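For reference, the structure is listed below as structure tokens.
A short reminder: the numbers here are calculations on the coordinates, not readings from a lab. As the structure is a computational prediction, the values presented were derived from the model and not from experiment. Ideal geometry is used to build each Cβ from the backbone, glycine not excepted, and the neighbour counts take in all protein chains shown.
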Amino acid sequence: MADNARENIMNRIKQALKQPVPVPFPASEGNEFLFQPADQDLEIIFAENFTQLQGRFSYCANEAELAVQLNALAAQRKWSKVYCIEPALKTVLAEKGFTNTNATDLASCDASITYCEQLVARTGSLLLSSGQASGRTVSVYAPVHICVAYTDQLVYDIADGINGLIDRYRLNLPSLITLASGPSRTADIEKTLVVGVHGPKEVFCFLLDRQ
């Protein structure tokens, strides 16, 4: 009986595929974006939106200044275990004088540092993926996430960011693509906003000019 039911369902699917249903609103998938870029620079738009979402933004002229700011932040917060597994980023930081990336256990670290794929200015979001050397977990499980990005990674809207990933990875898109807009937060419990429940309690973004 079950086999007959399964066969009937499969036959109905095959028949449906022979006569595809037209898109009900063919004009909905146009080439024009709903949100048009503002006159301000993308750096300003991103910084404003990111900080409105409780993200902590800082601009650095170069990697040397980044190392200075990270050393000051680590000293102020008394961080002794900073987690970084992206070889290129770890090398740059060490060369410029930030050598505190000695944590080997993500679960017990004070903070994590990663690169990102791109920054989305309109939503103040970090575009991250499992294609990065840091993988799926580093930006989520640490209590503090520090993102290092460059001005040439700024895009205006989410669609621009996705198109950038398609250009970069072609047919091998990462299995996980995510947008992080400030620290994690939820208002599920009595409609009260709680920060840091399902992810980092703080998110920093250090934006640099590409040298």
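Brief remarks follow.
- Average silhouette area of the stretch 72-166, convex hull of alpha-carbon atoms, in square nanometres: 6.4 nm²
- Using a simple spin-label model with pseudo-atoms 7 Å out from Cα toward Cβ, Asp41 and Ile13 lie 5.4 nm apart.
- Overall Cα dimensions of the stretch 41-208 - principal axes, largest extent first, Å: 43, 37, 31
- Farthest toward positive dipole pole in the stretch 41-208 [+1 Lys/Arg, -1 Asp/Glu at C-beta], among Gly161, Phe57, Val140: Val140
- A simple spin-label model places pseudo-atoms 7 Å from Cα toward Cβ; at Arg6 and Asn102 they are separated by 5.9 nm.
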